[in-house]
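Structure first, then comments.
The values are calculated or read from the model by the stated rules, or taken from the named source; none is laboratory data. A quick note: this is a predicted structure, and the numbers were derived from the prediction, not measured. So basically every Cβ, Gly included, is an ideal-geometry build from the backbone, and we count neighbours across all protein chains shown. Ligands, DNA and RNA are stripped out before the accessible areas are found, and what is left, the full protein with its side chains, is counted by its heavy atoms. Shrake-Rupley method; radii C 1.70, N 1.55, O 1.52, S 1.80 Å.
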Amino acid sequence: MTSPAIEVADLVKTFGSTRALDGFELTVPTGRVTGFLGPNGAGKSTTIRVLLGMLRADSGRATVLGQDPWSDAVAVHRRLAYVPGDTSLWPNLTGGEAIDVFTRLHGGTADRRRREELIERFELDPTKKARTYSKGNRQKVALVSALASDAELFLLDEPTSGLDPLMEAVFTDEVRKLRADGRTVLLSSHILGEVEKLCDTVTIIRAGRAVESGTLAEMRHLTRSTVTATTSHPAEAFTRLDGVHDLAREGDRLTFDIDNARINEVLQVLADAGVENLSITPPSLEDLFMRHYGDDVSEAA
């Protein structure tokens with residue numbers, strides 16, 4: 001059995017009186033795309049800095065590709081590619097020269113043909129000076145540099161920040177290619193749709209702790225689906241069912257939320273009521289996210 005690309009156990013990191021990571025746990029399976037969700041201040045960036053060997057944890061264990069990211073930082077960095085959420089470039093270098101520098105930092109393993117293909121796909125002009133680039137173009141430089149490398153592991157921290165929807169679609173396609181090629185990706189993002197489209201597993205972090213981890217199917221099982229149905233007869237039995245929430249009627253049309261574990265019971269009641277039209281909408285990743293952060297969002301609003 002293949003060992004996970006990243007294993008984090010009981011990780012603790014404090015900054016003065018602030019406990020940024022509080023016994024955090026994370027597993028990133030090899031050859032899969034793992035989503036890493038959480039709002040600002042939840043501990044995502046601190047975790048990634050520990051994985052990159054930029055910070056040393058106070059306690060706990062973290063391994064990246066079977067190595068210690070702090071004591072074996074040089075060896076680890078030659079096997080991974082990193083894209084930050086806001087890329088800083090040397091202002092007097094062109095975009096192409098900056099890509100060359102980043103490539104050498106990865107050990108000089110970039111494929112020249114692949115590099116040119118990515119420059120074309122991301123519509124980047126590599127002859128312009130970096131000081132003239134927008135935030136989106138700076139991100140393109142980082143993405144081209146990373147995706148052109150022969151890395152085993154890709155750490156992507158808000159990688160599409162500043163990109164327009166067309167370039168986001170290109171990014172999505174490229175990550176799918178990485179997965180098809182057996183590469184491993186840790187994608188940190190607050191764009192829920194992006195994670196939902198790309199990730200095999202997801203970990204949600206809140207206040208330095210993992211509050212939910214698993215496949216999307218497993219995590220959806222923990223929440224509710226929305227049911228909209230039209231019946232030929234009244235369906236009074238719904239009012240007596242456990243797990244039905246926010247029931248609303250409009251003529252012969254019913255709308256309600258249902259705990260997924262109760263869907264079979266709902267289908268039986270609908271059949272007895274003579275269901276004519278039915279739609280069941282599974283919960284989105286946003287529903288899962290709001291389940292853990294809804295109170296925080298309401299307080300902020």
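Residues that are of a type in the set (S, T, N, Q) number at least 1 in the following helices (runs of 4 or more DSSP H) confined to segment 37-107: 44-51, 95-105.
Applying the condition of being more than 14 Å from Val195 (Cα to Cα) and of a type in the set (A, V, I, L, M) to segment 156-167 and asking which residue is most open to solvent (accessible area, probe 1.4 Å) yields Leu166.
Taking each residue of segment 234-246 that is free of Cβ contacts under 8 Å to residues at least 60 places away in the same chain and over 13 Å from Gln268 (Cα atoms) and looking for partners that are open to solvent by less than 100 Å² (accessible area, probe 1.4 Å) and assigned to a helix (DSSP H, G or I) with beta-carbon atoms closer than 7 Å, six or more apart or interchain, yields Asp242/Arg262; Gly243/Ala261; Gly243/Arg262; Val244/Phe238. Within segment 191-218, the set of residues being more than 10 Å from the chain's Cα centre (by Cα) and either surrounded by fewer than 20 Cβ atoms within 10 Å (Cβ to Cβ) or of a type in the set (Ser, Thr, Tyr) (or both) comprises Arg206, Ala207, Arg209, Val211, Glu212, Ser213, Gly214, Thr215, Leu216, Ala217, Glu218.
Please give the strands (runs of 3 or more DSSP E) falling wholly within segment 174-272 in which 2 or more residues are closer than 25 Å to Ala9 by Cβ and in contact with a Leu (Cβ under 9 Å, 6 or more places away or on another chain). Explain how you work it out, then say what you get.
Values: elements: 184-189, 201-206, 209-215, 224-231, 244-250, 253-259.
By residue number, 184-189, 201-206, 209-215.
Do we have any residue at all in segment 109-127 that's open to solvent by less than 20 Å² (accessible area, probe 1.4 Å), within 25 Å of Leu51 (Cβ to Cβ) and touching a helix residue (DSSP H, G or I) at 6+ places or on another chain (Cβ under 7 Å)? Checked against the condition, which is being open to solvent by less than 20 Å² (accessible area, probe 1.4 Å), within 25 Å of Leu51 (Cβ to Cβ) and touching a helix residue (DSSP H, G or I) at 6+ places or on another chain (Cβ under 7 Å), segment 109-127 yields at least one hit. Of the residues making up segment 1-28, those that are touching a residue at least 12 places away in the same chain (Cβ under 8 Å), over 14 Å from the mean Cα position of the chain (by Cα) and open to solvent by 30 Å² or more (accessible area, probe 1.4 Å) number 9.
For segment 139-173, give me each residue that is in a loop (DSSP other than H, G, I, E, B) and over 17 Å from Leu118 (Cα atoms). Outline the logic, then answer.
Within segment 139-173, the subset in a loop (DSSP other than H, G, I, E, B) is 148-152, 158-164.
Across segment 139-173, the qualifying residues are Glu152, Glu158, Ser161, Gly162.
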